[in-house]
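Accompanying notes for the structure given below.
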Amino acid sequence: MLIYFLDMFGTAVFAASGVILAGRLRMDPFGVVVLASVTAIGGGTIRDMALGATPVFWITDTNYLWVIFVTCLISMMIIRRPRQIPWYFLPVADAIGLAVFVAIGVEKALRFEASPMVAVIMGVMTGCGGGLIRDVLAREIPMVLRTEVYATACILGGIVHTSALAIHVDSTVATMAGIITTLTIRLTAIRWHLSLPAFAPRQ
Amino acid sequence: MLIYFLDMFGTAVFAASGVILAGRLRMDPFGVVVLASVTAIGGGTIRDMALGATPVFWITDTNYLWVIFVTCLISMMIIRRPRQIPWYFLPVADAIGLAVFVAIGVEKALRFEASPMVAVIMGVMTGCGGGLIRDVLAREIPMVLRTEVYATACILGGIVHTSALAIHVDSTVATMAGIITTLTIRLTAIRWHLSLPAFAPRQ
Amino acid sequence: MLIYFLDMFGTAVFAASGVILAGRLRMDPFGVVVLASVTAIGGGTIRDMALGATPVFWITDTNYLWVIFVTCLISMMIIRRPRQIPWYFLPVADAIGLAVFVAIGVEKALRFEASPMVAVIMGVMTGCGGGLIRDVLAREIPMVLRTEVYATACILGGIVHTSALAIHVDSTVATMAGIITTLTIRLTAIRWHLSLPAFAPRQ
């Protein structure tokens, strides 16, 4: 129940990040809705397609779509007064959404009898996939691939989640442990601008 | 039957738009075929994957592929004499293809017991998905997200289509109403260069 | 068995090409893994989604993922001394991987009762899909669509493969004939810098 609420919260936050990018690209209102949608449900859609969990989740539960539409309406109004939002609001909200999405991806994969390694990958895909498609559509090199410990936080959160399940920790506790791990790492990275050293061949 | 004919027509038109873009990027002949194919069948492929309608449509009915190949051959010859084609030919043909694709997407989704809202989204996906992938591959910000009432026309066409079915209008009539709605809006937008005001945050 | 070994070899080579591009874009280590993964398994994933062969192959056989991870580790170390690798190593290895991937795609499609034409397309998709997604993520116009007879080699290899099966050649022989065709054409193109004339409309 709490997870479901957090899932909707994550959907709203990811949709809002799509709206913001659409605004910068001066898209028309329906372009905004499209970009918000792919950001919010793109990752989970690829996950479900790969698992064979079709029809994909937002076809069977249309609440996701309603959350996206309402988010688009609200954020198109709020965004015109960006100064009223504190700078840390969006990254922190994004970190919460990310952490929840990873946990949901891990759980769904395990329900489809995937191995723990695949479950971690499905978690990363659920968390990072939408933002990745959003950036591709907006013709930017995906932030997910470059930003301070973004995918890294997802991977570690997923590993904690599946490891806890492997040693027979209670399912809800394992989920929470995964969420808290992803969230803590992301918030730490945001607060102190941490980043892994870029890998680059010697010139 | 008429729908099937129009579907093939739409496939040909969309393939041709892929050929034109490939020509501008100076691709080799098989790159041309690839770009034409993703434009013509990309949207429907994602729709079928999301619905779980696999194998996807062009695997079971290879007529789509033949139409694409023949279109590539013909349009590679015609395109060398672009002056012989009136300027409005391509946009008008594209509008017809778009309107038919939306209707086909709506119908397929309903056949898979999707809700009306999901059906409209599947219609938009079928109509706009191919052009979107085409532009991503050609490294342009998708026209679909920027152009005058393009996605908008699809959404309204889809709403008319599903609403007509909801009040028990005959299925063929509902389909036609949807097609005509999408087509009329697109043609109007093309003729008078209408566009929705871009949404952009105040600087 | 030989095919399976070559498949793993192809996976490693494609992953390495993702690592190299990631290095040029100065991604962090996990961005490297993501780019390597989409390059190595992206094409086969789309193929399986389209065929309805879900869960997709790397979910049921996690060896692919291990090969990718190990390749990332090794190539991040080797790549710092690029001068020790002869220039032709990567293109030749890539050609071998490509030829094997095409054959595997053709076979998988036929096992799912696709027609020969669809099987050829699935072969091309398996061989070229990953590199295409890699280049889209890295914001380049896909090399696959531009390079000297790349997709072309795949198409011809696939045609030889399916034609051999159609005249009842032994399955293993047909596979080998397809692999050798793709490989020979690619190696010839690499050696003499062959390319098809670009198709472009007269200005």
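The values are calculated or read from the model by the stated rules, or taken from the named source; none is laboratory data. All values derive from a computational prediction rather than experimental measurement. All Cβ positions, glycine included, derive from the backbone under ideal geometry; neighbour counts span all protein chains shown.
Key figures for this structure:
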read-out	value
Of the criteria (1) under 16 Å from the mean Cα position of the chain (by Cα); (2) surrounded by 15 or more Cβ atoms within 10 Å (Cβ to Cβ), which one residue A:53 fails	(1)
Count of segment C:143-167 residues which are at the interface with chain B (Cβ under 8 Å from one of its Cβ atoms) and at pLDDT 90 or above	1
Number of the condition not met by residue A:94 [criteria: (1) away from chain B (no Cβ under 14 Å); (2) modelled with pLDDT of 90 or more]	(2)
Scan of segment A:24-45 for residues that are at the interface with chain B (Cβ under 7 Å from one of its Cβ atoms) and either free of Cβ contacts under 8 Å to residues at least 24 places away in the same chain or of a type in the set (S, T, N, Q) (or both), ordered by number	A:26, A:27, A:28, A:30, A:31, A:34, A:45
Selection count, segment A:5-50, where residues are of a type outside the set (D, E, K, R) and within 14 Å of the chain's Cα centre (by Cα)	23
Only one of C:141, C:121, C:155 that is in contact with a Phe, Trp or Tyr (Cβ under 7 Å, 6 or more places away or on another chain) and aliphatic (A, V, I, L, M)	C:155
Test: residue in segment A:48-68 that is within 10 Å of another protein chain (Cβ to nearest Cβ), charged (D, E, K, R) and farther than 22 Å from residue B:120 by Cβ	no
Residue in segment A:92-99 that is of a type in the set (A, V, I, L, M, F, W, C) and within 27 Å of residue B:113 (Cβ to Cβ) present	no
Top-ranked residue of segment B:149-194 - restricted to ones that are under 20 Å from the mean Cα position of the chain (by Cα) and either among the charged types (D, E, K, R) or not in a helix (DSSP H, G or I) (or both), ranked as nearest to residue B:126 (Cα to Cα)	B:150
Residue tally, condition part of a loop (DSSP other than H, G, I, E, B) and closer than 16 Å to residue A:60 by Cβ, over segment B:113-148	3
Among (1) at pLDDT 90 or above; (2) under 20 Å from residue A:180 (Cα atoms); (3) among the aliphatic types (A, V, I, L, M), the one test that residue A:2 misses	(1)
Scan of segment A:179-189 for residues that are aliphatic (A, V, I, L, M) and crowded, with 19+ Cβ neighbours inside 10 Å, ordered by number	A:179, A:183, A:185, A:189
Restricting segment A:151-178 to residues that are without any contact (Cβ under 8 Å) to a residue 40 or more places away in the chain and under 30 Å from residue A:22 (Cα atoms), the residue that is surrounded by the fewest Cβ atoms within 10 Å (Cβ to Cβ)	A:155
Boolean, residue A:18 is surrounded by 15 or more Cβ atoms within 10 Å (Cβ to Cβ), touching a Lys or Arg at 6+ places or on another chain (Cβ under 6 Å) and within 30 Å of residue B:189 (Cα to Cα)	yes
Residue check for residue B:134: closer than 25 Å to residue C:47 by Cα, surrounded by fewer than 17 Cβ atoms within 10 Å (Cβ to Cβ) and within 14 Å of chain A (Cβ to nearest Cβ)	no
Residue B:97 touching a residue at least 60 places away in the same chain (Cβ under 8 Å), farther than 15 Å from residue B:157 by Cβ, touching a Ser or Thr at 6+ places or on another chain (Cβ under 9 Å) and buried (at least 23 other Cβ atoms within 10 Å of the Cβ)	no
Any hit, segment C:81-89, residues being within 23 Å of residue B:68 (Cα to Cα), modelled with pLDDT under 90 and not hydroxyl-bearing (Ser, Thr, Tyr)	no
Out of B:50, B:16, sole residue that is touching a residue at least 24 places away in the same chain (Cβ under 8 Å), among the small types (Gly, Ala, Ser) and more than 30 Å from residue A:43 (Cβ to Cβ)	B:16
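A quick yes/no check of all residues on (1) buried (at least 21 other Cβ atoms within 10 Å of the Cβ); (2) out of contact with any Ser or Thr (no Cβ under 7 Å at 6 or more places or on another chain); (3) modelled with pLDDT of 90 or more:
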| site | (1), (2), (3) |
| --- | --- |
| B:38 | yes, yes, yes |
| B:42 | yes, yes, yes |
| B:78 | no, yes, no |
| B:101 | yes, no, yes |
| B:117 | no, no, yes |
